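The values are calculated or read from the model by the stated rules, or taken from the named source; none is laboratory data. A quick note: this is a predicted structure, and the numbers were derived from the prediction, not measured. Because the Cβ atoms are built from the backbone with ideal geometry, glycine has one as well, and the counts that use them run over all protein chains shown. The accessibility values were calculated without ligands, DNA or RNA, using every heavy atom of the protein model including side chains. Shrake-Rupley method; radii C 1.70, N 1.55, O 1.52, S 1.80 Å.
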Amino acid sequence: MDGLLDPNYGPSHRAFLQALAARGALTFEDARPILAAIWNAGEQYGESEHDADEVTEGDFLSYIDIARQAVSLFDYDIRTTVHQISKDRLYVLVNTTSDPQTQLATTYSADELSFIKRVFDSMFESLNSPRMEVMALTQMQAMKVARPNRRQSQIEGEESTQSTAGRGLKHSEVEDVFASLVNGGWLEKSRNQYYSLTPRALIELRPWLIETYNDPDAEPDEWQRIKLCAACKDLITYGLRCAEPRCNFRLHDICEDAFWRVRGDKRCPKCSREWDGKHYVGERAVTQRRRPPGGDGGRRTSLAEEARRQESDQDDDEESSEPDD
């Protein structure tokens, strides 16, 4: 095994890798005090104290490269992405072979896994339609799927009457699962109390999300639930969208300026509609939603009202898609 590692790999790299594994993701600024502490603990650096300011980006990237080679021997990788909201560049430790369902199954019970799937269904089906692409939810909204719905319970009952997996979760258990998903690096909570997938989750879940929620038989320009940023080609769950509801054109906030600077003409390249940068993907589809003229004097629509309206739209879509008898 030692012969497969970079010859420079040593105790400091092992300590750095342990820190990355514990956190799941690091920015350069996150890593600076970590590396300084590692250097101070290492005898090879003498007795002088190192400050975080001494750690350069070159030092950090060198540790990333050596750590990446080491983890590749165990089917892991260190990938880089930009956080959709904070716009920080992240270096994320991901499993390249084990599917996320298998990883979660080692931590969560059958009831909890069933609940997590219902949460994902809420995020990417109920709260994700051509009219509003939220793809995030509050804990209160998650409570509504703490137990399987009646139709799902009937389906499960055909296979196993009164099965434990169909019991659902208590509200206290929902809170515990959400806390665990946040601590485990799968979900993150915004200032507006919305939960969404982390950059690490988006990377690891990308194939599963596309396979689960997109229609493989859809036409090239047909609206799909899981989309990519037209500029960077990463998944987008927070950003900007075309004003045409059925158009699939999306951009991350951080990608927008460079994209239009190259094109010059700020018209959607898919449908040619004018781009105003005021139609949102993610929680802003709710929190910055503008009321139409003639409303109640500009009062912001409540989050609960928007959620109910979104779920109602989803129910209507499902009913209209059912074939007539």
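General remarks:
- Within the accessible area of region 1-139, the carbon and sulfur atoms contribute 49%, probe 1.4 Å, all protein chains present.
- Taking packing as the residue-averaged number of other Cβ atoms within 10 angstrom, the listed peptides 117-129, 98-110, 64-76 run from highest to lowest as 117-129, 64-76, 98-110.
- Here the relative contact order of region 11-97, from alpha carbon pairs under 8 Å that lie six or more residues apart, stands at 31 percent.
- Subtracting the Cα-Cα distance of ARG267 and LYS117 from their residue separation scaled by 0.36 nm leaves 50.3 nm.
- Backbone HN-Hα couplings from phi across region 262-276 [Karplus 6.51/-1.76/1.60, Hz, Gly and Pro as x]: 6, 7, x, 7, 8, 10, 4, x, 8, 10, 6, 6, 5, 9, 10
- Of the trypsin sites (Lys or Arg not before Pro) found in region 190-237, the ones in coil according to DSSP and having at most 12 other Cβ atoms within 10 Å of their Cβ are ARG191, LYS233.
- Rg/Rh for region 11-97 (Cα atoms only, Rh after Kirkwood) is 0.98.
- Nonlocal amide H pairs with GLY239, under 5 Å, H built at 1.01 Å: VAL281, GLY282
- Loop-located GluC sites (Glu not before Pro) in region 213-286, at most 15 other Cβ atoms within 10 Å (DSSP): GLU222
- Per residue, in Å², the accessible surface of region 11-97 once ligands and nucleic acids are set aside, probe 1.4 Å: 54 Å²
- Ignoring lysines fewer than eight residues from LYS278 along the same chain, the ones with Cα atoms less than 28 angstrom from its Cα are LYS87, LYS189, LYS227, LYS233, LYS266, LYS270.
- Residue-wise HN-Hα coupling along region 24-30, computed from phi with Karplus coefficients 6.51, -1.76, 1.60 (Hz; x: Gly, Pro): x, 7, 9, 9, 4, 5, 5
- Amide H contacts of ARG147 (H built 1.01 Å from N, under 5 Å, at least 5 apart or other chain): LEU169
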